[in-house]
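A quick write-up on the structure given underneath.
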Amino acid sequence: MGDWIRVLIVDDTEDTRTNIRKILSFESRIDIVGEAANGFQAIDMACKYKPDIILMDINMPDLDGIQAAERISLKCPTASVIMISVQGEHDYFRKAMLSGAKEFLVKPFSPDELIQSIIEVYERNQKRNIQVYANQVLGQGYVQSPKIITVFSGKGGVGKSLIATNLAVGLNQLHKKVVILDLDLMFGDVAAMFNLKVKETIYHVVQEIDRLDAESLLPYLLETKSGIRILPAPIQPEQSEMITGKHIEKILRLLRETHDYIIVDTPAQITDPVLALDQSNFTLLVNTLNVPVLRHNRTVLEVMDTLNYPTDRVRLIINRADLDTGVKPKDIKTALGMEPYSLLPEDKYADLSINRGEPLLEMKPNSRWAKQMSKLIEQILAEDDRQKSESWTKRFLWSRKRA
Ligand SMILES: Nc1ncnc2c1ncn2[C@@H]1O[C@H](COP(=O)(O)OP(=O)(O)OP(=O)(O)O)[C@@H](O)[C@H]1O
Ligand SMILES: [Mg+2]
């Protein structure tokens, strides 16, 4: 991409502006379209010169960087704001993101960091514009429409979290943008299964829920080394009480805008938040070859039926399917009225992988479990394509009928 990046510099100190100008003069792709000394000037110049990037000092007299960014995002939203601050506190970061800023730089930064962030924000925005355009042209968002996959079971300890986390790993390896929503609100351990320390959780998201949009939600998400995002469950179990199905609906809606797949891990109860998952494209109902598990899951299917939940989206998974328990995989059809969709074997490294915080698909990619898991992912992707072409066909027929 050899096009120019148009930059506006906003800072109340002339020295700083001169410094930034000097740094940017070394990058041939960057064109400085102006300098503003305060928030009001910044808004004027942003609308007049239509910069791609605005480097915005957060602390300025009169109208500060946050207020200016808020107004710019409404008045001339094509400009991406990079907020610059001496403070690195989280509160500042969050305020900046809520104001619509796309990036947050803490002083002092190196010339390289500055140039790099400008280029990254610019390219990200270009991609987004192309995507938005494609969605508009193609109408209803069938382009890469994100999939919600819920992993559920009427009984605990059957491998839901193991499956949810590895499903995310596998999809991520296929270059999908994946987020895991941990809806096991009392005892969720998705973050721990990636050996990540939790700071903010769904509890904090819900407190800001009315103010959040797809982008300002992103800073709340944890990210694994390989780039999977996680919205963790609350740290204190009592914090889960205030989270409702309505909240989950909004969170899903926002996560859909920025991801290809949303994987939802769940508790073994049908709670209000779990009921919001009737939007799922797939529900993987996890079983083991264990009579109480099958009995509970039969009840789950009956409850779904009563609630008019789309049971045609349910897929049965049998985990630890090769264990000799007296129940055979073929008995599943009799018990649950559905063929199993995927059989995952016993894996002696499952506990080690959970304890180490290293997903099985990465730790033992050649194991039978990992191979079956990859097959399961292929099956899901194939169904995806089928769903997509079905909706295309439906739309095609529909438009012909109207014509
Ligand atoms: N295929 C498997 N082979 C061996 N052990 C397994 C397998 N699947 C799960 N386990 C083990 O079973 C235990 C429960 O797994 P996991 O935490 O994924 O289940 P869960 O359904 O999420 O449980 P909970 O309801 O408590 O959230 C873990 O110790 C895990 O290592
Ligand atoms: Mg679990």
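Where a number appears in this text, it was derived from the coordinates with a stated rule and is not lab data. Not measured: the values here are computed from a predicted model. Ideal geometry is used to build each Cβ from the backbone, glycine not excepted, and the neighbour counts take in all protein chains shown.
About its Cα centre, the stretch 5-137 has a charge dipole of approximately 580 debye under the convention of +1 per Lys or Arg Cβ and -1 per Asp or Glu Cβ, with nothing else charged.
Measuring r between the beta carbons of residue 225 and residue 355 and using R0 = 22 Å, the FRET efficiency lands at 0.80. Positive end of the dipole of the stretch 5-137 (Cβ unit charges, origin at the Cα centre): among 61, 39, 77, the Cα lying farthest that way belongs to 77. Counting Lys and Arg as +1 and Asp and Glu as -1, what is the net charge of the other residues whose Cβ lies under 15 Å from the Cβ of residue 331? Residues close to residue 331 contribute a combined charge of +3. The residues packed around residue 121, meaning those with a beta-carbon under 10 Å from its beta-carbon, carry a net charge of -2 if Lys and Arg are +1 and Asp and Glu are -1. Sorting the segments 308-317, 14-23 by their mean number of nearby beta carbons within 10 angstrom, highest to lowest, gives 308-317, 14-23. Please find the FRET efficiency linking residue 29 to residue 238, where r is the Cβ-Cβ separation and R0 is fixed at 60 Å, and quote it to the nearest 0.05. After rounding, the FRET efficiency stands at 0.70. Relative to the longest principal Cα axis of the chain, at what angle does helix 160-173 sit, 0 to 90 degrees, rounded to 10? It is inclined by approximately 50 degrees. Between the listed residues 171, 359, 258, the Cα displaced farthest toward the positive end of the dipole of the chain, a dipole computed from Cβ unit charges relative to the Cα centre, is found at 171.
Measuring spread by the Cα atoms of the chain yields a radius of gyration and Dmax of 24.5, 79 Å.
Nearest 10 degrees, 0 to 90: what angle lies between the long axis of helix 111-138 and the longest principal axis of the chain (Cα atoms)? Once rounded, one gets 60 degrees.
Computed about its Cα centre, the charge dipole of the chain is approximately 1700 debye, with only Lys, Arg, Asp and Glu carrying charge at their Cβ. Restricting the calculation to Cα atoms, every distinct pair contributes to the Kirkwood radius of the stretch 147-383, found to be 17.8 Å. Of the peptides 112-124, 226-238, the ranking by mean beta-carbon count within 10 Å, highest at the top, reads 226-238, 112-124.
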